[in-house]
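Taking it in order: structure first as structure tokens, then the write-up.
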Amino acid sequence: MEKIKSSEITPESQYLSRREFLKGLGIVSASSMILAACGAQSASSTDIPTDSPANPVNSSPLPATPSPTVIDEPLTSYEAITNYNNYYEFTTDKERVASLAKDFPTSPWQIEVGGLVNKPKTYDLDDISKFSLQERIYRLRCVEAWSMVIPWVGFPLSELLKEVEPTSDAKYVRFETIYDPEKMPGQKVQWYQWPYIEGLRVDEAMHDLTILATGIYGKPLLPQNGAPVRLVVPWKYGFKSIKGIVKIDLVSEMPTSLWMAAAPNEYGFYANVNPEVSHPRWSQASERRIGDNSRTQTLMFNGYEEEVAHLYDGMDLAVNY
Ligand code: MTE
């Protein structure tokens, strides 16, 4: 379960999916062949998405540079990633999100970026497509104690934030999901304060691991996974990784997320994956890996401790949960 550099090893499944992207670009280099030959671990090639009537995927691969880091664990299958979802705007039933979200329109789409910035800008899908895409293979650890390993395609959020130039008063980033109760039946459930809101500190948002994702397995995101653009913050519980983003604001005060408003004693602002701090109703020490249902130990900061622990120096992580 140790994280390793892609220059040292490239598991076959990751190589194969990467090769799919490169084939789309007409590039399969000699060096990628050599990396594949070194692969020690393989997952079935059925992990690679294919177009099928049951699970149609957009045909054009996204042009992405290979992930700078990989994980020596099998990737979760495309089938599982796209059919076991949390997206409360549609339903709380994970296995029905895909069918309910199937026809949700994700184009045209705009993301308004503003607040404490020098250059506010409204991005449309064409603007978003100008950011250069990278593959990022990350663990996703849900607060409900299940997890996946997902090959995202996206770009660092920092690249977009640099364009709008946050002012020195900006301390937090507030994200908002689309509000459309007619097309998202779950938003008619009054228990939650819609729209879905999430937030990060500016330094968390600027961290290189934090991405805006537009694809999975080299294919554009499907609605159930948060198309057209969603956040991915791999060292935090999955609920921080907000889907279907339409607004990003730089603000001076800590935003109140939908989950903080719904159950403040259970869900805090930080939500860093931490096996030592239990949820009030269950332990966070281990997790169930979707796909093979294996049980695995949860890692501090979801395995990204080396990269992010310094962001929380001197903080009591049990208090700042
Ligand atoms: N974003 C929105 N807008 N609505 C949601 O209900 N669920 C969150 C997060 N982002 C959610 C959301 C939770 S709890 C998790 S675990 C992840 O999305 C799941 O992402 P996935 O369905 O792509 O695996």
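Quick look at the values:
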| item | result |
| --- | --- |
| Qualifying residues in the range 182-197 (those that are open to solvent by 40 Å² or more (accessible area, probe 1.4 Å) and in a helix (DSSP H, G or I)) - the one nearest to the ligand (Cβ to nearest atom) | P185 |
| Residue pairs meeting the criteria (Cβ under 7 Å; at least 6 apart or on separate chains; first farther than 16 Å from S129 by Cα, in the range 206-235; second of a type in the set (F, W, Y) and open to solvent by 10 Å² or more (accessible area, probe 1.4 Å)) | Y217/Y78; P223/F104 |
| Residue count, the range 285-310 (criterion: within 16 Å of A271 (Cα to Cα) and in contact with a helix residue (DSSP H, G or I) (Cβ under 6 Å, 6 or more places away or on another chain)) | 2 |
| V277 vs. criteria surrounded by 13 or more Cβ atoms within 10 Å (Cβ to Cβ) and touching a residue at least 40 places away in the same chain (Cβ under 8 Å) | yes |
| Subset of the range 128-158 (residues that are within 15 Å of R230 (Cα to Cα) and more than 16 Å from the chain's Cα centre (by Cα)) | I128, S129, F131 |
| Residues that are out of contact with any helix residue (DSSP H, G or I) (no Cβ under 9 Å at 6 or more places or on another chain) and either more than 10 Å from the ligand (Cβ to nearest atom) or more than 17 Å from S147 (Cα to Cα) (or both), drawn from the range 227-240 | R230 |
| Criterion (at pLDDT 95 or above, more than 20 Å from A98 (Cα to Cα) and either touching a Cys at 6+ places or on another chain (Cβ under 9 Å) or assigned to a helix (DSSP H, G or I) (or both)) met by exactly one of L161, L200 | L161 |
| Condition check for S252: among the hydroxyl-bearing types (S, T, Y) and more than 10 Å from the ligand (Cβ to nearest atom) | yes |
| Test: residue in the range 154-169 that is within 12 Å of the ligand (Cβ to nearest atom) and either open to solvent by less than 30 Å² (accessible area, probe 1.4 Å) or touching a helix residue (DSSP H, G or I) at 6+ places or on another chain (Cβ under 6 Å) (or both) | no |
| So Y179, is it modelled with pLDDT of 95 or more, open to solvent by 40 Å² or more (accessible area, probe 1.4 Å) and within 13 Å of the ligand (Cβ to nearest atom) | yes |
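The values are calculated or read from the model by the stated rules, or taken from the named source; none is laboratory data. Because the structure is predicted, anything quoted here is derived from the model rather than measured. Every residue, glycine as well, gets a Cβ built from its backbone with ideal geometry; the counts of neighbours run over all protein chains shown. Please note that ligands, DNA and RNA were not included when accessible areas were found on the heavy atoms of the full protein model with its side chains. Shrake-Rupley method; radii C 1.70, N 1.55, O 1.52, S 1.80 Å.
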